[in-house]
1. Counting Lys and Arg as +1 and Asp and Glu as -1, what is the net charge of the other residues whose Cβ lies under 13 Å from the Cβ of Pro106?
2. Please list, in chain and number order, the residues 5+ apart from Val173 or on another chain whose amide H is under 5 Å from its amide H, with Hs placed from the backbone.
3. Please work out how many pairs of lysine residues in the range 1-81 are eight or more positions apart (or on different chains) and have Cα atoms closer than 12 angstrom.
4. If we sort 25-32, 58-65 on the protection proxy, mean other Cβ atoms within 10 Å, highest first, what's the order?
5. For the range 96-183, count the residues as N, evaluate 2.2 N^0.38 Å, and divide the Cα radius of gyration by that value, please.
6. Considering only DSSP beta bridges whose two residues both sit in the chain, what percent are antiparallel, to the nearest 5?
7. Using only alpha carbon pairs under 8 Å that are at least six residues apart, calculate the relative contact order of the range 177-284 and give it in whole percent.
8. If you add up the charges near Asp82, with Lys and Arg at +1 and Asp and Glu at -1, over every other residue whose beta carbon is less than 11 angstrom from its beta carbon, what do you get?
Amino acid sequence: MDLKEIKRVKTITKKEFRENFFKPQVPVVLEESIKDWPAYSKWNFEYIKDKVGDITVPLYDDRPVDYKDGFNEPHSKMKMSDYIDLLLAKPTKYRIFLWNLLKEAPVLQKDYNYPDFGIKLMKKLPMLFFGGYNSHTFMHYDIDLANIFHFHFEGRKECILFSQDQTKFIYKVPHSLITHESIDFSNPDYNKWPALKKAKGYKTHLSHGEVLYIPEGYWHYMKYVSPGFSMSLRGIARNPVNLSKAIYNVFVMRHFDNIMRRIKGQAWIDKKNEKAIIQTNRQL
Ligand SMILES: O=C(O)CCC(=O)C(=O)O
Ligand SMILES: [Fe+2]
């Protein structure tokens, strides 16, 4: 993989953001754009425990997709305070994924705002993500192919991104939003996954208070180098091709995949994984 370091700036104006990053759809890290948020100084594990420790949270690990699971169905549940204690005590694969802050933890709302980077953000979908030492979020793109602003708190996180035009090289699983789940994007085995050598993407490491702009529909893989959490805010996809893919994913793909899991069971999942390899190796 040819991974370029993502460009970093301290702060940015609306105009600079639109011209240099949003219009050309290039990722960027904003190092000091949320220093005025209460969250910047307050958000750490102790604070989250204190504010929302009693809430039960859905947890995901990195087990392979199983036909018995629904699309994005959680693998376990725990009280937030117990989960944070676990994160701090030892490595765990359990992650919180796409936890809607507005619905589940509205007291945290007063700690951030919707920054004006020159694109409209969806106010109903502030999402939180947590992970333990060395855990990772599989390489995926979001179902709505949104523009994502990913605000990171606590610890360090490794991020690898690919635009949609790299899809042919990264072993996408058909009828899904993920790549083949056996690939370790932090340290890929090119003998097993030779097409990855052709993939061109981006990488960075995020620290507390940094914001990563992920252009619309970009593939993203995140690895928690140390325990931490992040919040994502999103702006609707503007490119008509991305917008139509988003509509297809939400209204067709997701339901079709669920139906096929019910009818064909594990054979459906195995077949898709096999196809990911055959179709991608054709690029060689
Ligand atoms: O950081 C994570 O665990 C995943 C983040 C993500 O997928 C997103 O912001 O869309
Ligand atoms: Fe995502």
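A short reminder: the numbers here are calculations on the coordinates, not readings from a lab. Everything quoted here is computed from the prediction, not taken from an experiment. Note: ideal-geometry Cβ built from the backbone for every residue, glycine included; neighbour counts use all protein chains shown.
1. Working: positive: Lys51, Lys103, Lys110, Lys123, Lys124; negative: Glu104, Asp111.
Combined, the nearby Lys, Arg, Asp and Glu give +3.
2. Ile178, Thr179, His180
3. Working: Lys10/Lys35; Lys14/Lys23; Lys15/Lys23; Lys42/Lys51; Lys49/Lys79.
Within the range 1-81, the lysine pair count is 5.
4. Going by the mean number of other Cβ atoms within 10 Å, highest first, we get 25-32, 58-65.
5. Expressed relative to 2.2 N^0.38 Å, the Cα Rg reads 1.25.
6. Taking every DSSP beta bridge with both residues in the chain, the antiparallel ones total about 90 percent.
7. Relative contact order for the range 177-284 comes out at 42 percent.
8. Numbers: positive: Lys49, Lys77, Lys79; negative: Asp54, Asp85.
So the environment of Asp82 carries a net charge of +1.
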